[in-house]
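A short worksheet on the structure shown next.
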Amino acid sequence: MTTTEVTSQTQQWTNLAQQLRVDSIRCTTAAGSGHPTSSMSAADLMSVLVLSHLHYDFNDPKNPNNDHLIFSKGHASPLLYSIYKAVGAVSDEELLTLRKFGSRLEGHPTPELPWVDVATGSLGQGLPDGVGIAACGKYLDKLPYKVWVLMGDSESAEGSIYEAFHLAQHYKLNNLVAILDCNRLGQRGETELGWDTEAYAARGKAFGWNTIVIDGHNYDEIDQAYRQAADTTDRPTFIIAKTLKGKGVSLVENKDGWHGKALSPEQAEEAIKELNPQVRSMVFPVQQPAAGKVAPEPPARPLELPRYELNTKEATRKAYGDALLALGAANPDVVAMDGEVSNSTYANEFAKAYPERYFEQYIAEQQMVAFAIGMQVRGKITFASTFAAFFSRAYDFIRMAAISRANIRLSGSHAGVSIGEDGPSQMALEDLAMMRAVYDSTVLYPSDPNQTAQLVAEMAEHSGILYIRTTREKTPVIYSPDEKFSIGGSKVVRQSDKDKATVVAAGITLHEALSAYEQLKGEGINIRVIDAYSIKPIDEETLFAAAQEAGGKIITVEDHWPEGGLGEAVLEAFTQIDAPLPQVVKLAVESMPTSGTSAQLLEAAGISAHHIVEAVKALVKSSR
C-alpha cells in the first residue's frame with residue numbers, strides 16, 4: 001500500500017471506531033442503562049476487524065461462507081449493535097431502542113437478531129461456543145470461514161475458558177481467533193491480572209495457542225495481529241489487546257466505578273463533543289465472503305432402528321448407543337460428542353463407525369455442551385452424552401442454550417440409585433428437575449430398549465433442548481420392536497375396570513411397578529400402571545383418565561429426589577384442570593444413598609416393588 005492508501009485506511013478505521021464509541025454512548029444514554037465504557041475499549045479492535053478482516057454478507061446471515069463474530073463479553077452489546085448500524089443492518093432509530101421492551105436489541109445479544117449465532121452474557125461461554133462452530137467449519141463444512149470471538153478480561157477467570165483453550169488446540173482450530181479486550185477494570189474494580197498482558201500470554205502459550213500481545217488502540221498492531229492470525233495454519237490464535245475502558249472520553253476513560261453505567265444526557269453530549277467524530281451515521285462496507293460450497297455429504301438413507309426381542313434384557317443406555325449409530329447411518333448431519341465415558345454411554349459405537357462426525361470432549365462437560373451449541377449453529381443434529389450427574393456442571397450452558405434457541409440433544413446415563421456400587425457421587429438424583437426447569441425443554445425417561453430407540457429417533461426430529469435419561473442396569477424388554485412411542489405420550493401397561501389406584505413410573509421404577517402389580521394382583525388388588533416415559537411434556541389426558549377411572553388415587557415412584565421430578569410433573573398436570581385433585585402419594589429417594597447393589601439401594605430408598613405394594617395397600621385401605 002502507498003502512504004496515501006495507508007493514511008486513508010487509518011482514517012477509515014478511526015472514523016468507524018469513533019462512530020462506534022459515539023453510538024455506544026447514544027444508545028445506552030437513551031436506554032438509561034447498559035455498558036458504554038466496556039464497548040468503547042474494544043471499538044478500535046472491532047473497527048479494524050469489520051473494515052479489513054471480517055467477511056460477512058449482512059443481507060444473507062445464513063450464507064455458509066460467512067465468518068462468525070461472537071461477543072463472549074455479551075455486556076458490550078452496545079458496541080455490537082453499533083456495528084450492525086455501521087454496516088447498514090439496523091437503523092439509527094432501532095439502535096436507540098436498546099433495552100426497550102419489545103426491541104430486538106436486548107441488554108445482551110440473542111439470536112433474535114439474525115446476525116447473532118449464540119446468546120451471550122453469562123461470561124465464559126462465547127469462546128466455548130466458538131470452538132464448536134470452528135470445528136464444524138474445519139472438519140465438516142470444510143469452508144475457510146473464521147470465527148472471531150471478542151472476550152473480556154474478567155471472564156478469563158472462568159474455568160470454561162480453559163476448557164475451550166484445551167479443546168481448540170486439541171483440534172488445531174486455526175480458524176478460531178480469540179481477542180481479549182484487556183481493559184483492566186471489571187465490575188467492582190481491577191481484574192485479577194489487571195494489565196499484566198504477559199501473564200495472559202503465558203496462559204495462551206501454555207495451551208499451545210499462537211499468542212500475540214498488542215496495544216489495542218494501535219491500528220497497525222491490530223491489523224498485523226489479524227493478518228498473523230490469518231496466516232497461522234496449525235493452531236488457534238489468542239490476541240491480548242491492552243486497552244483503556246471508556247477510551248476517548250476523559251470523564252470515564254480508565255476510571256473505576258463506571259462499569260454498567262450509562263452517561264446522563266448532559267454527560268453524553270460533552271462526551272460526543274470530545275470524541276469529535278468526523279462522521280455520525282456513515283455506512284461502512286464489509287468484505288463479502290468467498291463463494292465456497294459446503295463439503296458434500298453422503299446421501300441420506302432410510303432409518304433402520306435396532307430391534308430387541310421380547311423377554312430378553314438390555315440396558316437403555318446401550319439402546320441409546322445403538323439408536324445413535326442407526327441415526328448416523330441414515331442422516332449425515334447427525335454429529336455426536338461425549339465426555340470421555342463413551343464406553344459407558346455407548347456413544348463409542350457411533351465413534352467407531354463415523355469418526356469424522358464424532359468429537360471427543362474429554363472431561364469437559366461445559367465445553368461439550370458448548371460444542372453441541374456451536375455445531376447446531378451450522379445446522380448439525382447434535383447429540384452429547386455423559387453420566388447424567390455430570391450435566392449439572394454444564395447447567396448454565398444448557399440454560400443459555402435455551403436462550404440461544406439452540407437445538408441440542410443430551411443423553412444422561414447412570415441415573416439414580418439403581419446404578420449400584422459406584423455410590424452417590426455418580427448418581428443423578430436431580431437431573432429431571434434440572435432439565436424440566438429449562439425453557440422449551442423435552443425430558444424423556446424410557447424403561448425399555450425398543451422404546452429408547454424410538455425416542456432417540458424422535459429427538460432428532462424435534463427442536464429445543466432435549467434430554468433423555470438412561471439406565472445402567474439391563475432391564476426386561478417389555479415392548480415389541482414395532483410399538484410406537486412419541487414425545488408427549490405414555491403407555492398404560494396394565495389396567496382393568498376394577499383398578500383401585502394408579503401407579504405412575506418411568507425408567508427403572510416401571511419394572512418395580514410391574515413386579516408390584518403381580519404381587520397385588522395375587523392378593524386381589526387391581527392397579528393401573530402407567531409408563532410416563534415423557535416427563536415433559538407429560539401425557540395429561542392419560543393421567544386424568546386414570547384419576548377418574550381408578551379410584552382417584554395415584555402413586556408416583558421415581559429414582560430421583562422428590563423435588564422437581566416425575567411426582568411433581570404429575571401433580572403439576574392436575575393443576576391445569578378444574579377438577580378435584582386426586583390423592584397423590586410420591587415415592588422417591590428421600591435420604592442420601594450409599595454403595596450397594598441395585599436391588600439393595602432401590603429397597604433402601606423406598607422405591608422398590610415392596611414399597612410400592614405397601615403404598616398401594618395403605619392408600620386403598622385409607623379410602624375404605
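The values are calculated or read from the model by the stated rules, or taken from the named source; none is laboratory data. No experiment lies behind these values; they were computed from the predicted model shown. Note that we place each Cβ from the backbone using ideal geometry, even for glycine, and neighbour counts take in every protein chain shown.
Restricting attention to the stretch 261-282, and to residues there that are in a loop (DSSP other than H, G, I, E, B) and at pLDDT 95 or above, which single residue is surrounded by the most Cβ atoms within 10 Å (Cβ to Cβ)? Once the filter is applied, the top-ranked residue is Ala262. You will find that of Glu512, Glu563, Glu572, the residue that is farther than 23 Å from Ser413 by Cβ and either touching a residue at least 60 places away in the same chain (Cβ under 8 Å) or surrounded by fewer than 16 Cβ atoms within 10 Å (Cβ to Cβ) (or both) is Glu572 and no other.
Give the residues of the stretch 80-96 that are touching a residue at least 12 places away in the same chain (Cβ under 8 Å) and in a loop (DSSP other than H, G, I, E, B), sorted by residue number.
Val87, Gly88, Ala89, Val90, Leu96
Scanning the stretch 403-422 for residues that are among the small types (Gly, Ala, Ser), at pLDDT 95 or above and more than 22 Å from Glu568 (Cα to Cα) yields Ser404, Ala406.
Residues in the stretch 217-276 that are within 30 Å of Lys138 (Cα to Cα) and of a type in the set (Gly, Ala, Ser): 4 in all. The residues on offer are Ser342, Ser392, and the sole one that is hydroxyl-bearing (Ser, Thr, Tyr) and under 18 Å from the mean Cα position of the chain (by Cα) is Ser392.
Criterion applied to Gly208, Gly248, Gly194 was being assigned to a loop (DSSP other than H, G, I, E, B), in the same structural domain as Leu123 (by TED's automatic domain parsing) and within 15 Å of Ser154 (Cβ to Cβ), and the one residue passing it is Gly194. Leu581 falls short on exactly one of the conditions (1) in a strand (DSSP E or B); (2) at pLDDT below 95; (3) hydrophobic (A, V, I, L, M, F, W, C), and that condition is (1). If the condition is being of a type outside the set (Lys, Arg), closer than 22 Å to Gln367 by Cα and out of contact with any helix residue (DSSP H, G or I) (no Cβ under 9 Å at 6 or more places or on another chain), then the stretch 171-230 contributes Ala201, Ala202. The listed residues are Ala295, Ala300, Ala291, Ala326, and the only one of them that is outside the structural domain of Val369 (by TED's automatic domain parsing), under 28 Å from Leu167 (Cα atoms) and either in a loop (DSSP other than H, G, I, E, B) or out of contact with any strand residue (DSSP E or B) (no Cβ under 6 Å at 6 or more places or on another chain) (or both) turns out to be Ala295. Spot the failing condition for Ala516; the list is (1) modelled with pLDDT of 95 or more; (2) touching a Phe, Trp or Tyr at 6+ places or on another chain (Cβ under 7 Å); (3) not basic (Lys, Arg), and only one is missed. The failed condition is (2).
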